[in-house]
Amino acid sequence: MDKPQLISRDNILFDQPSFPLVISSSEGVNPGFERLHWHDALEINHIRQGSGFYLINGHKLEFQEGDLILINSDDLHRAFESKDLVMDILMFDPSILAVDLRYAPELMRPFREMGELFSNLVNREHEMHKELRKLFLRMREEYEERETSYLSVIRSDLVRFLALMNRHMVLSNESSNLIKHRNMHALKEVIHTMETNLAYSWSLQELADLTHLSPSRFSKLFSQAVGTSPLNYLIQLRLTEAIHLLETTDQKIIAISAQCGFRNLSNFNRLFKQYVGVSPSDYRIQD
């Protein structure tokens, strides 16, 4: 077995390396297969429609239409859809604000002190919500229309967004229940090991041993961070890989089943239909 490694960061591709910012949209989230992930970029989400919740470093954050959500770099997070979810997603590297940070180094506090003095969520009841949402929507519009000097407009609106967060969004008393950093580090290691060793017949004890925690403590922390038990998440990872292989290869289903860690074909068929809604053979035909 390979030595445990950190779960790999997601690489965020920016349209223009000289201006590392991208705005995109996402319709829906499949709660069975949305994997836990992290990245260097800073992230601001706008809930355009619907509802759901995030798990961010073990903290459950419910959201609904109109809410804004900030996610710091290196935060382990995973989104779940409750109903008709459509999100706008702004991701950026703080280097685009290098000049502004020289004169206002506190601009990054809403991200850097997340969970301590700032909340991930700006909900519709907050007095600054309307102005912050207006700034976000204007940045999205500028990014989509790309008129003359649109990058300068986006950058100035982003500075104003963070400045207003800094001025008005400091929490008076925040009792953070985020998982401690050392435990998040251990969870990143074990999740990456699971992802890179899907065919191995993991037991709960073996997974807990990778974190040097008891099985009960490990299960509690894992479920808090990921939203499901370690072995159930392993099934989700295996089924996600099975879907990928069904879509991209001509391998026989029994071979895919074994490659993804299922020792019994009938069990693979049962779990696949339970999570996906159709059998592996029917899924391949539909694809």
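Identify, from the list 22, 29, the residue that is touching a Gly at 6+ places or on another chain (Cβ under 9 Å) and crowded, with 16+ Cβ neighbours inside 10 Å.
Answer to the selection: 29.
Any idea which residue in region 206-229 is surrounded by the fewest Cβ atoms within 10 Å (Cβ to Cβ), counting only those that are touching a residue at least 12 places away in the same chain (Cβ under 8 Å) and closer than 19 Å to residue 79 by Cα?
In this case the residue turns out to be 224.
Kindly indicate the residue of region 233-245 that is of a type in the set (A, V, I, L, M, F, W, C) and free of Cβ contacts under 8 Å to residues at least 60 places away in the same chain and also nearest to residue 220 (Cα to Cα) among those meeting that condition.
Within region 233-245, the match that is nearest to residue 220 (Cα to Cα) is 234.
Can you tell me which residue in region 231-256 is modelled with the highest pLDDT, limited to those that are farther than 17 Å from residue 194 by Cα and charged (D, E, K, R)?
Among them, the one singled out is 252.
Considering only residues that are under 25 Å from the mean Cα position of the chain (by Cα), open to solvent by 60 Å² or more (accessible area, probe 1.4 Å) and touching a residue at least 40 places away in the same chain (Cβ under 8 Å), which ones fall in region 127-139?
Scanning region 127-139 gives a single hit, 133.
Can you say whether residue 159 is without any contact (Cβ under 8 Å) to a residue 40 or more places away in the chain, over 23 Å from residue 38 (Cα atoms) and surrounded by 16 or more Cβ atoms within 10 Å (Cβ to Cβ), as far as the supplied structure shows?
no
Can you tell me which residues in region 76-121 are surrounded by 15 or more Cβ atoms within 10 Å (Cβ to Cβ), of a type in the set (D, E, K, R) and part of a helix (DSSP H, G or I)?
100, 109, 112
Got at least one residue in region 35-57 being of a type in the set (Val, Ile, Thr) and open to solvent by 30 Å² or more (accessible area, probe 1.4 Å)?
Among the residues of region 35-57, not one is of a type in the set (Val, Ile, Thr) and open to solvent by 30 Å² or more (accessible area, probe 1.4 Å), which makes the answer no.
Residues of region 268-279 being closer than 18 Å to residue 234 by Cβ and either in a loop (DSSP other than H, G, I, E, B) or open to solvent by less than 50 Å² (accessible area, probe 1.4 Å) (or both), which ones?
The answer is 268, 271, 272, 276.
In region 189-205, how many are touching a residue at least 60 places away in the same chain (Cβ under 8 Å) and either open to solvent by less than 20 Å² (accessible area, probe 1.4 Å) or not β-branched (Val, Ile, Thr) (or both)?
Adding up the residues that qualify gives 11.
Across region 241-287, what is the total count of residues that are within 26 Å of the chain's Cα centre (by Cα) and not hydroxyl-bearing (Ser, Thr, Tyr)?
15
Within region 58-75, track down each residue that is closer than 15 Å to residue 228 by Cα and open to solvent by 20 Å² or more (accessible area, probe 1.4 Å).
59, 60 - these are the residues of region 58-75 that are closer than 15 Å to residue 228 by Cα and open to solvent by 20 Å² or more (accessible area, probe 1.4 Å).
Determine whether region 246-267 contains at least one residue that is in a helix (DSSP H, G or I), basic (Lys, Arg), open to solvent by 70 Å² or more (accessible area, probe 1.4 Å) and without any contact (Cβ under 8 Å) to a residue 40 or more places away in the chain.
No.
Those residues that are open to solvent by 50 Å² or more (accessible area, probe 1.4 Å) and either touching a helix residue (DSSP H, G or I) at 6+ places or on another chain (Cβ under 7 Å) or modelled with pLDDT of 90 or more (or both), I need them from region 167-188; list them, please.
Listed by number, the residues that qualify are 167, 168.
The values are calculated or read from the model by the stated rules, or taken from the named source; none is laboratory data. These numbers were taken from a predicted model, which means no experiment stands behind them. Positions of Cβ are generated from backbone atoms using ideal geometry, with glycine treated the same way; all protein chains shown enter the neighbour counts. Each accessible area value is taken on the protein alone, full model and side chains, heavy atoms only, with ligands, DNA and RNA left out. Shrake-Rupley method; radii C 1.70, N 1.55, O 1.52, S 1.80 Å.
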